[in-house]
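Structure first, then comments.
The values are calculated or read from the model by the stated rules, or taken from the named source; none is laboratory data. Because the structure is predicted, anything quoted here is derived from the model rather than measured. For neighbour counting, all protein chains shown are included, and Cβ atoms are generated from backbone atoms with ideal geometry for every residue, glycine included. Accessible surface areas use protein heavy atoms only, side chains included; no ligands, DNA or RNA. Shrake-Rupley method; radii C 1.70, N 1.55, O 1.52, S 1.80 Å.
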Amino acid sequence: MYKTPPAHRNRIFHAFRWLVEACWYINFGLMAIGLYFLIKTMFGESSADFSALVRLNAPLSSIPVPGATIEAKDAMVHLHVPNNLFNQVTAFLFFFLFEILLISALYNIRRVLRSLLAQSPFSGETIYRLRLTALFIGLFAPYNLLLSVTQCAIVQDQIPQAGETFSVNWNLGIPYIIVAVVIYLLVDVFRYGLQLQQENEAFI
């Protein structure tokens, strides 16, 4: 009968582990590059490029098709915003918030994978790290919501009559919430497995 190989011999597990390791180190390189260009733009130029996805109050165009009509109601707004104190603080704040959440999530995923290699998958360390992973991934939802609020404030400041023509699309971060919920469900599975393991060890 076929049996699933343990984690240290599972090729898919190792491929995923190396993918996470690659993302971990690549992110630090991208963070350094992004920080360099952010500093250069915020303090070396008078304005910065700003983009936001908006929903038009009236369709941009209508394309008739057999039995229906296609309306283009989404558009991308491109602006040159001044590098004032508010925009500078906002840019750096969101940059570092994003990196803190991403690094924290990747760090705990790495710890989970190492825990799976070092010991039984049903351990307190694995459960603890999975909870933290779900937490940091779930925090991307309020991060995106806060980003949408800030984008809306910047657009309204630059285009006071914007509300008459379009509104900024709000990003609620639903995919991040779904992933966090799935990981929390896995936590319950691992907790139940840990309880069974402890009960079996008690009988031995």
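Residue by residue, here is whether (1) modelled with pLDDT under 90; (2) more than 24 Å from residue 156 (Cα to Cα) holds:
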residue	(1), (2)
13	yes, yes
22	no, yes
45	yes, no
66	yes, yes
80	yes, no
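Being more than 30 Å from residue 56 (Cα to Cα) and open to solvent by 70 Å² or more (accessible area, probe 1.4 Å) is the requirement here; does residue 96 meet it?
Numbers: more than 30 Å from residue 56 (Cα to Cα): yes; open to solvent by 70 Å² or more (accessible area, probe 1.4 Å): yes.
Against the criterion (more than 30 Å from residue 56 (Cα to Cα) and open to solvent by 70 Å² or more (accessible area, probe 1.4 Å)), residue 96 qualifies.
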Could you tell me which numbered condition residue 81 fails, if it satisfies all but one of (1) assigned to a strand (DSSP E or B); (2) within 16 Å of the chain's Cα centre (by Cα)?
(2)
Please go through the stretch 128-144 and pick out each residue that is under 17 Å from the mean Cα position of the chain (by Cα) and either closer than 26 Å to residue 86 by Cα or at pLDDT below 90 (or both).
130, 131, 139, 140, 141, 142, 143, 144
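Does the stretch 170-190 hold any residues that are at pLDDT below 80 and either open to solvent by 80 Å² or more (accessible area, probe 1.4 Å) or part of a loop (DSSP other than H, G, I, E, B) (or both), and which are they? Break it down into steps so the answer makes sense when it comes.
Applying the first criterion (at pLDDT below 80) to the stretch 170-190 yields 188-190.
Once the filter is applied, which keeps residues that are at pLDDT below 80 and either open to solvent by 80 Å² or more (accessible area, probe 1.4 Å) or part of a loop (DSSP other than H, G, I, E, B) (or both), the stretch 170-190 yields only 189.
Take the stretch 134-171 and flag every residue that is of a type outside the set (Phe, Trp, Tyr) and farther than 20 Å from residue 75 by Cβ.
At the first step, the residues of the stretch 134-171 found to be of a type outside the set (Phe, Trp, Tyr) are 134-135, 137-139, 141-142, 144-165, 167-169, 171.
Matches in the stretch 134-171: 134, 135, 137, 138, 139, 141, 142, 145, 146.
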Between a first residue in the stretch 11-27 that is more than 15 Å from residue 133 (Cβ to Cβ) and touching a residue at least 24 places away in the same chain (Cβ under 8 Å) and a second residue that is open to solvent by less than 100 Å² (accessible area, probe 1.4 Å) and of a type in the set (Val, Ile, Thr), which pairs have beta carbons less than 8 Å apart while being 6 or more apart in sequence or on different chains?
27/103
Inspect the stretch 55-64 for any residue being surrounded by 12 or more Cβ atoms within 10 Å (Cβ to Cβ) and modelled with pLDDT of 90 or more and give the result as yes or no.
no
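Only one residue in 90, 41 is within 30 Å of residue 163 (Cβ to Cβ), at pLDDT below 95, in contact with a helix residue (DSSP H, G or I) (Cβ under 7 Å, 6 or more places away or on another chain) and part of a helix (DSSP H, G or I), so which one is that? Don't jump to the end; show me each part of the working.
Values: 41 fails: in contact with a helix residue (DSSP H, G or I) (Cβ under 7 Å, 6 or more places away or on another chain).
Selected residue: 90, the only one of 90, 41 that is within 30 Å of residue 163 (Cβ to Cβ), at pLDDT below 95, in contact with a helix residue (DSSP H, G or I) (Cβ under 7 Å, 6 or more places away or on another chain) and part of a helix (DSSP H, G or I).
Does any residue of the stretch 145-160 turn out to be farther than 29 Å from residue 33 by Cα, over 22 Å from the mean Cα position of the chain (by Cα) and of a type in the set (A, V, I, L, M)? Even if it seems obvious, please write down each step before you answer.
Filtering the stretch 145-160 down to residues farther than 29 Å from residue 33 by Cα leaves 156-157, 159-160.
After this cut, where a residue has to be over 22 Å from the mean Cα position of the chain (by Cα) as well, the list is 156-157, 159-160.
Those still in the list that are of a type in the set (A, V, I, L, M) too: 159.
Among the residues of the stretch 145-160, at least one is farther than 29 Å from residue 33 by Cα, over 22 Å from the mean Cα position of the chain (by Cα) and of a type in the set (A, V, I, L, M), which makes the answer yes.
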Report every pair of residues separated by at least 6 positions or lying on different chains whose Cβ atoms are under 9 Å apart, first residue within the stretch 152-167 and of a type in the set (Asp, Glu), second surrounded by 13 or more Cβ atoms within 10 Å (Cβ to Cβ).
157/81; 157/86
